[in-house]
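Colleague: Once you've had a glance at the structure underneath, I'll fire off some questions.
The values are calculated or read from the model by the stated rules, or taken from the named source; none is laboratory data. The model shown is predicted, which means the values in this text are computed figures rather than measured ones. Counting neighbours? That spans all protein chains shown, and the Cβs are built from the backbone with ideal geometry, glycine included.
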Amino acid sequence: MTGPHPICDGLLEYVTGEIGDEEREAFERHLPDCEDCRREIETLTAAWEALPFDMERIKPPRDLKRQVFAALDVLEGKPAPGMRRFAGARRAWMASAAVLAAAFVLVAGGLLWGNVADWFRRETATFPPNPPAAVPVSEMEWSMPLQPAEGAGDHGYGIACVVRQGGSKQFVVYVFGARRTIGKEAYQVWLVSGSERRSAGTFRVSDERGVGVLAVPLRAADPISFDAIGITLEPDADGFQPRGPRVFAGGAPPPG
Amino acid sequence: MRNLPDGDLMKLVRQRQRQALSELYDRYAELVYSYAWRALRDEGAAREIVQAVFLRLWTTESEYSPEKGRFSSWILAITRNLVIDRLRRLRKESARLVRPEPEMLERVPDRSESPEDRAIRGVFRRQIREAFRHLSAQQIQLLEHFYWQGYSLRELAELYGQPLGTVKSRLHQTLKVLRKHLPAEEGWR
């Protein structure tokens, strides 16, 4: 569109950020030899960067800063101060599950807190949805069967899957025929990559049939990657490393 | 902290100094929030974007280098990416959730800012508005679609029924006209 090289055609994409990493690097490589592009970049960037000033300035709500730093606490693995306030084991469990869920979303490769917020917001939406088409179709994108782990008997089974619904995704684990948890006990789901184990979250089983569920929101664009899944029965829901016995497993057996 | 330039604060953020992030928040939360509000017209969504932007500053691998431009441009580029991801996701999710009509654009809640701030920002805004007067209605619409609503060039080519090359050269031309009528002012924030 400008300059003498075919690559100059990517100028607009370069200025507006609509360019892939590889193309950007190639474009930057040609710049020292292309005065036309250098000049155009300067002109277009100045206009591009002025565009956001066509807006009313609005003060953010006062409590937003506190919310951002509470989210930072969760991100850093510290229970947010607001969460400590709640008394009772169930609240504490929810807080630590939130911490682990947040950690998992991060580990899964990205950070778009909005998805988590969307998820919670969806929880409070009218049910059943009206009209029904207001909720996108759910589709299972990937799944991995889970069997009783070695030495855990032959009781029960499970499935781990990624469920896509419109633009959002959840990582979901179901187990059936699991022993009921007692007191603070919790099942913990581990993603195994090589010798590394990352917690994807915890759940309890209070159901007579031994049904347990874990659901963690994922960023739509992020692939989740691991070699195997293990589920352990832990003394509580607060662990960062497996302590209890492995009761379910799926995928390739973890080494060691 | 208060006297440190943005670039130095960002270096401290990379060393996990919360105070530095807090200072950057005080300097830029309003810009980010206003941007998100302008693009999304939803207080809850704008809050989430602000949160995501500042957490991204905390976790980002990419470096801010003052030589490459102003911090405000850098943080706005991050903001725009997050906003556009969200808009594209919403568009995919449901055709009912497209953005509000243009007449809503001026209906923004007026939260107070100091008269001085308002005056300075007012000048910038007037200047860009002034430059906009040299654009045609189609050019303004193109900027609205591309810059604020995050339609890709390809999507716009399809939407307008025009070849991609035409859309690109229209956008190019639009930005050039704007630049021509903007003062050579630095430090817009």
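Colleague: Can you pull out the helices (runs of 4 or more DSSP H) entirely within the range A:33-99 that have at least 1 residues that are at pLDDT 90 or above?
Modeller: Filter on the range A:33-99 gives A:35-50, A:64-75.
Colleague: Identify, by number, the condition in (1) buried (at least 17 other Cβ atoms within 10 Å of the Cβ); (2) closer than 21 Å to B:Leu87 by Cβ that B:Ile140 doesn't meet.
Modeller: (1)
Conditions (1) at positive phi; (2) surrounded by fewer than 21 Cβ atoms within 10 Å (Cβ to Cβ); (3) at pLDDT 90 or above, marked per residue:
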position: A:Gly177; (1), (2), (3): yes, yes, no
position: A:Gln188; (1), (2), (3): no, no, yes
position: A:Gly194; (1), (2), (3): yes, yes, no
position: A:Phe203; (1), (2), (3): no, no, yes
position: A:Val211; (1), (2), (3): no, yes, no
position: A:Leu214; (1), (2), (3): no, no, yes
position: A:Pro217; (1), (2), (3): no, no, no
position: A:Ala221; (1), (2), (3): no, yes, no
position: A:Gln241; (1), (2), (3): no, yes, no
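Colleague: Which one of these is more than 20 Å from A:Met144 (Cα to Cα), of a type in the set (A, V, I, L, M) and more than 19 Å from the chain's Cα centre (by Cα): A:Ala186, A:Ala249, A:Ala178?
Modeller: A:Ala186
Colleague: Among the residues of the range A:32-65, how many are touching a residue at least 24 places away in the same chain (Cβ under 8 Å) and within 7 Å of another protein chain (Cβ to nearest Cβ)?
Modeller: 2
Colleague: Name the single residue, out of those in the range B:33-63 being among the β-branched types (Val, Ile, Thr) and more than 8 Å from chain A (Cβ to nearest Cβ), that is nearest to the chain's Cα centre (by Cα).
Modeller: Per the stated criteria, the residue is B:Val53.
Colleague: Assess whether B:Glu130 counts as being more than 10 Å from chain A (Cβ to nearest Cβ), of a type in the set (Asp, Glu) and surrounded by fewer than 16 Cβ atoms within 10 Å (Cβ to Cβ).
Modeller: yes
Colleague: What single numbered condition from (1) surrounded by fewer than 17 Cβ atoms within 10 Å (Cβ to Cβ); (2) modelled with pLDDT of 85 or more; (3) hydrophobic (A, V, I, L, M, F, W, C) fails to hold for A:Trp142?
Modeller: (2)
Colleague: Within the set of pairs 6+ apart or on separate chains, which have a first residue in the range A:8-25 that is closer than 20 Å to B:Thr79 by Cβ, a second that is part of a helix (DSSP H, G or I) and of a type in the set (Ser, Thr, Tyr), and C-beta atoms under 9 Å apart?
Modeller: Taking only residues 6 or more apart or on different chains, the pairs are A:Val15/A:Thr45; A:Thr16/B:Tyr147; A:Arg24/A:Tyr14.
Colleague: For residues in the range B:152-189 being more than 23 Å from B:Trp74 (Cβ to Cβ) and in a loop (DSSP other than H, G, I, E, B), which is farthest from the other protein chains (Cβ to nearest Cβ)?
Modeller: My answer is B:Gly161.
Colleague: In addition: Strands (runs of 3 or more DSSP E) wholly in the range A:141-241 with at least 1 residues that are touching a strand residue (DSSP E or B) at 6+ places or on another chain (Cβ under 6 Å) and under 27 Å from B:Arg89 (Cβ atoms) - which ones?
Modeller: Filter on the range A:141-241 gives A:157-165, A:168-176, A:186-193, A:196-203, A:212-218.
Colleague: Could you say which residue among A:Val192, A:Val175, A:Val205, A:Val216 is away from chain B (no Cβ under 14 Å) and touching a Pro at 6+ places or on another chain (Cβ under 6 Å)?
Modeller: A:Val192
Colleague: Additional query: Kindly indicate whether B:Leu12 is aliphatic (A, V, I, L, M), part of a helix (DSSP H, G or I), farther than 21 Å from A:Ile58 by Cβ and over 20 Å from the mean Cα position of the chain (by Cα).
Modeller: Judged against the criteria, B:Leu12 is a match.
Colleague: Another one. Of all residues being in contact with a Leu (Cβ under 7 Å, 6 or more places away or on another chain) and charged (D, E, K, R) in the range B:7-52, which is surrounded by the most Cβ atoms within 10 Å (Cβ to Cβ)? Just the residue, please.
Modeller: So, considering only residues that are in contact with a Leu (Cβ under 7 Å, 6 or more places away or on another chain) and charged (D, E, K, R), the one surrounded by the most Cβ atoms within 10 Å (Cβ to Cβ) is B:Arg47.
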